[in-house]
Amino acid sequence: MVSVRRQADATIIDVHGDLDILSSVDLTAAIATAADGSDPLVVASLEQCTFCDSSGLAALAVAKKRLGIRLKVVVPKGGHVRHVFDITELTEYLSLYGTVEEALAAYDSPR
């Protein structure tokens, strides 16, 4: 399940449960809507995500290509989901953070 909320100058997209072929469609749609919005930062939070397959990874990689530095991805260290990011080396491509607060703090908003 994917839910969207706003915090500060950011759109936070929370992924709950599995990030698979079904939910990656919802994630992609939420990211597209956020990309067209006025918030300068989009945070995809996988803090509550328990499983991520290749379709979820692909959705985030495409989002990074579209949003560049505007996208931050939250994947807590340890656990299965972070391991998937580590072994696929997406940690080298995506801006990963342990918490939403860390992702928000790392963004230097152009003003």
Problem set entry | ASP39 surrounded by fewer than 24 Cβ atoms within 10 Å (Cβ to Cβ) and modelled with pLDDT under 95 | yes
Exercise. Looking at region 15-50, which of its residues are in contact (Cβ under 8 Å) with a residue 24 or more places away in the chain and among the charged types (D, E, K, R)?
Worked result: ASP18, ASP20, ASP26, ASP39, GLU47
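Is it fair to say LEU94 is over 17 Å from ARG6 (Cα atoms), touching a Phe, Trp or Tyr at 6+ places or on another chain (Cβ under 8 Å) and in a loop (DSSP other than H, G, I, E, B)?
Values: over 17 Å from ARG6 (Cα atoms): yes; touching a Phe, Trp or Tyr at 6+ places or on another chain (Cβ under 8 Å): yes; in a loop (DSSP other than H, G, I, E, B): yes.
So LEU94 passes the test.
Do you know which of the residues in region 18-36 that are out of contact with any Gly (no Cβ under 9 Å at 6 or more places or on another chain) and of a type in the set (D, E, K, R) is modelled with the highest pLDDT?
The residue in question is ASP26.
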Problem set entry | Verdict on ARG70 being closer than 15 Å to THR11 by Cβ, buried (at least 19 other Cβ atoms within 10 Å of the Cβ) and charged (D, E, K, R) | yes
Problem set entry | In region 38-87, the residues that are outside any helix (DSSP H, G or I) and of a type in the set (A, V, I, L, M) | LEU41, VAL42, VAL43, ALA44, LEU46, LEU71, VAL73, VAL74, VAL75
Problem set entry | Extreme residue, nearest to TYR107 (Cα to Cα), among residues of region 13-37 that are out of contact with any Cys (no Cβ under 8 Å at 6 or more places or on another chain) and in a strand (DSSP E or B) | ILE13
Exercise. What's the number of the condition HIS80 fails, among (1) touching a helix residue (DSSP H, G or I) at 6+ places or on another chain (Cβ under 7 Å); (2) closer than 20 Å to ILE21 by Cβ; (3) at pLDDT below 95?
Worked result: (1)
Exercise. For CYS49, all conditions in the list (1) among the hydrophobic types (A, V, I, L, M, F, W, C); (2) under 12 Å from the mean Cα position of the chain (by Cα); (3) over 20 Å from SER23 (Cα atoms) hold save one; what is the number of the exception?
Worked result: (3)
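The values are calculated or read from the model by the stated rules, or taken from the named source; none is laboratory data. Everything quoted here is computed from the prediction, not taken from an experiment. Here Cβ is always computed from backbone atoms with ideal geometry, including for glycine, and neighbour counts include all displayed protein chains.
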